[in-house]
Ligand SMILES: Nc1ncnc2c1ncn2[C@@H]1O[C@H](COP(=O)(O)OP(=O)(O)OP(=O)(O)O)[C@@H](O)[C@H]1O
Ligand SMILES: [Mg+2]
């Protein structure tokens, strides 16, 4: 097989892996948008906050320690214990549920029925507030999150795909990061679980009902507030998963909240209300930007990954504004 | 009137029981608009109670007060003889009051079956973790709910569209699906806001028959808003007449028809 085909394939595979992360963040957006019409700008910061909280709990960091020390003149930083990853994850989930409740109780409950742009502004405020709280609570240094996910290239895959080169001496088999592979599996399980939840449970049914029509949902006895807390909790959980994967890969740092921006073009492609759209959109952007960089990057001066997704989204906006899976918008006259 | 044990017998020999729902001196304002002005009336067990009146009279507003969608500034609501505290619509629904809307509110993205199934949400007791861990119980519950839903689907003769996405249905069938969803909740009191609006004669006849059958077979108490006088006279046991937010008549169809205030309100007032 020729080099370009083999390396092209590897680029596609790596793109798919990167896309999984975009898809995860986009998924969080879609969940909240569907159920409440809120475009949650804070989804990326939620991933950051979740990952920082998880790290803090694992290593026994004292929350708000800088603040406490500044006020009381103490020098506490750590509790002096370490907590196993699985336990810390459970505690973090509880924190995210509490966060969901607070957000609903103190912000969005008071904004029901407001214009989408107002809800959006509220989430921008929330994003910066949460970022500040995260900083104050856990400190701003980069944290190496290690919940025990395997890292580094998968030799097994490399060895077992070498034959595909058919004697090509430049090809040693596909190089795929184990962490990416695990992330893919986790994302797949998460999506299947979400779909099963929304199809087969009482709360899932209620969630779909609320996403479809608020009035009708009320009339069959659904507590909208409860469902919205639930949806924010689920989005918080999805954010945690994204935060764990991203944090394991590149460390937990504030630039994590910027991945939220990459989710925007993903949503343009996938549509704001489609879960399969978020997945497929994420994968397309992931593969697209890697392939584009591979094929045309050198000719265009490189770093095309910074803008490719946005330009692709722009093209989509012009030719298919409803996204890949959205229903065609026909204006009533 | 206030004696809950007191009842009456209709012309066609049905026994009507005590007061299920009593509205006392209800006033509802939207800014300067007074949608309901100091209205009192009751709904009795097993009866079909109509609310009529010209456009903008405040009929829908009244139904919305009963179902908790609107909160009146003044007045009290008694349900089964007990004063009802201010309640959110979902809490009212959980008390056994189901409704349909004047401008159909269905889950457009779901099939007919799924729509009707949402009417059973409050009968799904098994919690999330039980559902995940203890499949047997959840399955049994699901089967029971399915059976109840299928019964209603048969009853309203919509078997042929069970799997059809609601968005694709014609208007008349949508109204029927909405009724099916309300019935799936096995309500004590059923509120119908213009169940026959926009229907052709044949569809209206079907719907009238269904409403009578629901009342007859399930013993459901029904309050309905309707513009078509013929239909109202045929269906209802007692009628409340509203005009500009005020109650101008209350009684049997015959009594109401010969009431001068009602005749005046309807003369020269456009309604469909
Ligand atoms: N949510 C609302 N906000 C403001 N005004 C309202 C609202 N709902 C109803 N109104 C006003 O209250 C009055 C009564 O309206 P309502 O819908 O109850 O009338 P109706 O008798 O159901 O009329 P129709 O036969 O046209 O359905 C109208 O003047 C209407 O504009
Ligand atoms: Mg009305």
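Below, the figures for the structure above:
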quantity	calculated
Candidate set from the range B:49-71 (those that are in a loop (DSSP other than H, G, I, E, B) and in contact with a strand residue (DSSP E or B) (Cβ under 7 Å, 6 or more places away or on another chain)); member that is farthest from ligand 1 (Cβ to nearest atom)	B:67
Tally of residues being under 12 Å from the mean Cα position of the chain (by Cα) and more than 16 Å from ligand 2 (Cβ to nearest atom) across the range B:50-85	0
Failed item, numbered, when residue B:224 is tested on (1) under 14 Å from the mean Cα position of the chain (by Cα); (2) within 13 Å of ligand 1 (Cβ to nearest atom); (3) modelled with pLDDT under 95	(3)
Residue under evaluation residue B:88, criteria (1) within 14 Å of chain A (Cβ to nearest Cβ); (2) within 18 Å of the chain's Cα centre (by Cα); (3) closer than 26 Å to residue B:207 by Cα, criterion not met	(3)
Given (1) within 28 Å of residue A:34 (Cα to Cα); (2) buried (at least 20 other Cβ atoms within 10 Å of the Cβ); (3) assigned by TED's automatic domain parsing to the domain that holds residue B:34, number of the condition residue B:72 does not satisfy	(1)
Residue check for residue B:261: more than 16 Å from ligand 2 (Cβ to nearest atom) and within 14 Å of another protein chain (Cβ to nearest Cβ)	no
Among (1) out of contact with any strand residue (DSSP E or B) (no Cβ under 8 Å at 6 or more places or on another chain); (2) within 16 Å of ligand 1 (Cβ to nearest atom), the one test that residue B:82 misses	(2)
Index of the failed condition, residue B:34 passing every other in (1) buried (at least 16 other Cβ atoms within 10 Å of the Cβ); (2) more than 16 Å from ligand 1 (Cβ to nearest atom)	(2)
Given (1) touching a helix residue (DSSP H, G or I) at 6+ places or on another chain (Cβ under 6 Å); (2) within 11 Å of another protein chain (Cβ to nearest Cβ), number of the condition residue B:156 does not satisfy	(2)
Checklist (1) free of Cβ contacts under 8 Å to residues at least 24 places away in the same chain; (2) under 30 Å from residue B:69 (Cα atoms); (3) surrounded by fewer than 19 Cβ atoms within 10 Å (Cβ to Cβ) applied to residue A:225, failing item	(1)
Residue tally, condition surrounded by fewer than 20 Cβ atoms within 10 Å (Cβ to Cβ) and more than 16 Å from ligand 2 (Cβ to nearest atom), over the range B:17-31	7
Unmet requirement for residue B:103, which otherwise passes all of (1) surrounded by fewer than 16 Cβ atoms within 10 Å (Cβ to Cβ); (2) within 16 Å of ligand 2 (Cβ to nearest atom); (3) over 20 Å from residue B:179 (Cα atoms)	(3)
Matching option when the condition is modelled with pLDDT of 90 or more, in contact with a strand residue (DSSP E or B) (Cβ under 9 Å, 6 or more places away or on another chain) and in a helix (DSSP H, G or I), among A:288, A:243, A:281, A:221	A:243
Residue B:196 being surrounded by 19 or more Cβ atoms within 10 Å (Cβ to Cβ), within 16 Å of ligand 2 (Cβ to nearest atom) and in the same structural domain as residue B:80 (by TED's automatic domain parsing)	yes
Within the range A:89-203, helices (runs of 4 or more DSSP H) holding 1 or more residues that are under 19 Å from the mean Cα position of the chain (by Cα)	A:116-138, A:178-200
Residues (closer than 16 Å to residue B:178 by Cα and more than 7 Å from chain B (Cβ to nearest Cβ)) located in the range A:219-232	none
Of residues in the range A:209-218 being within 16 Å of residue B:111 (Cα to Cα) and more than 7 Å from chain B (Cβ to nearest Cβ), the one surrounded by the fewest Cβ atoms within 10 Å (Cβ to Cβ)	A:211
Subset of the range B:169-189 (residues that are more than 10 Å from chain A (Cβ to nearest Cβ), in contact with a helix residue (DSSP H, G or I) (Cβ under 6 Å, 6 or more places away or on another chain) and at pLDDT 95 or above)	B:177, B:180, B:183
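To keep it simple, each residue is scored yes or no on (1) within 25 Å of residue A:121 (Cβ to Cβ); (2) at pLDDT 90 or above.
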{"residue": "A:8", "(1), (2)": "no, no"}
{"residue": "A:11", "(1), (2)": "no, no"}
{"residue": "A:41", "(1), (2)": "yes, yes"}
{"residue": "A:47", "(1), (2)": "yes, yes"}
{"residue": "A:50", "(1), (2)": "yes, yes"}
{"residue": "A:54", "(1), (2)": "no, yes"}
{"residue": "A:80", "(1), (2)": "no, no"}
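The values are calculated or read from the model by the stated rules, or taken from the named source; none is laboratory data. Small disclaimer: the values here were computed from a predicted structure and weren't measured. Cβ coordinates were reconstructed from backbone atoms using ideal geometry, including for glycine residues, and neighbour counts include every protein chain displayed.
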